[in-house]
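What follows is a single structure, written as structure tokens, with notes after it.
The values are calculated or read from the model by the stated rules, or taken from the named source; none is laboratory data. This is a predicted model, so every value here is computed, not measured. When we count neighbours, we look across all protein chains shown, and the Cβ atoms used for this are built from the backbone with ideal geometry, even at glycine. Protein only, heavy atoms only, side chains kept; ligands, DNA and RNA dropped before computing areas. Shrake-Rupley method; radii C 1.70, N 1.55, O 1.52, S 1.80 Å.
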Amino acid sequence: MAELDQDLVDALRKARKIAVLSGAGLSAESGVPTFRGPEGLWKNHDPTELATAEAFRRDPALVWEFYNWRREKVLSVEPNGAHRALVDIEARVSECTHITQNVDGLSQRAGARRLIELHGNLFATICFDCRRPRTDLPEIVPHPSYCECGGLMRPGVVWFGESVPAFETALAALPGTDLFLVVGTSALVQPAASLAMIAKQSGAHVAEFNLEPTPLTASLDFAVHGPVGTTLPALMAAAFH
Ligand code: OAD
């Protein structure tokens, strides 16, 4: 791991308000596959056949097979040191909001409280027609399952081409942020990725934690390259222990 920048350690120690944007890299060390890259989900699966409303209309059984498989995967893994380090930050800073693109629920399982799930939750099930949730279904959802309105139940996640209702809440969490952490995201999916630059333009220091550079890196204040299960706990240790 690269040496931690002392300015970043100081920025964390002094910050009164922190916001975090996380992506699939946060859960990678738990064993949840990321989306892009050689081992990524979108390498072997076409997102337009699995993660769009059109795909669901065309072949709901196939979409449910994919999401039930992802549910099974997530149920068999545990939060890692990076999830716990972010919970630790939340406990030490007066105000901290964690905005995640992840749908796996691992941050909640690690104890996150102020969490905005931008892309929904893998374990939510909503009606395709009226969007009403059903909470009485088993974790592995039998297909077809129906809503009381007669509509088919679908995964409660945001698909490509759909609006991101929680984005406004995420934006509202940014003003006054001293430090914005971008954790394990390729920063390729909008509107999530735009949050980092919006935070920077409104005066936050922005630090990225990733295995490799992203399209954002050159515009940010700090970049820490390495696995977040190591780099985030190391940053916490340097700032607070
Ligand atoms: P990606 O798969 O696009 O990117 C994961 C990022 O994590 C990459 O930049 C990796 O380099 C980095 N990474 C992987 N393992 C890491 C580790 N151990 N430590 C640090 N970094 C690591 O995932 P997201 O950016 O989350 O949306 O993708 C954004 C959205 O695209 C997802 O929410 C999903 C996807 O399609 C929808 O399904 C709507």
Examine region 48-63 for a residue that is within 12 Å of the ligand (Cβ to nearest atom), in contact with a helix residue (DSSP H, G or I) (Cβ under 6 Å, 6 or more places away or on another chain), under 24 Å from residue 226 (Cα atoms) and at pLDDT 95 or above, and state whether such a residue exists.
no
What pairs come out if I take residues in region 14-26 that are in a loop (DSSP other than H, G, I, E, B) and pair them with residues that are within 9 Å of the ligand (Cβ to nearest atom) and open to solvent by 20 Å² or more (accessible area, probe 1.4 Å) whose C-beta lies under 7 Å away, six or more apart or interchain?
23/101; 23/186; 24/34; 24/35
Residues being near the ligand (Cβ under 10 Å from one of its atoms) and surrounded by fewer than 17 Cβ atoms within 10 Å (Cβ to Cβ) - total across region 9-26
0
Only one of (1) more than 8 Å from the ligand (Cβ to nearest atom); (2) part of a helix (DSSP H, G or I) fails for residue 3. Which number is that?
(2)
Identity of the residue in region 27-47, outside any loop (DSSP other than H, G, I, E, B) and near the ligand (Cβ under 9 Å from one of its atoms), that ends up surrounded by the most Cβ atoms within 10 Å (Cβ to Cβ):
27
Go through the residues of region 55-68 one by one and say whether even a single one is touching a residue at least 24 places away in the same chain (Cβ under 8 Å), open to solvent by 60 Å² or more (accessible area, probe 1.4 Å) and among the hydrophobic types (A, V, I, L, M, F, W, C).
no
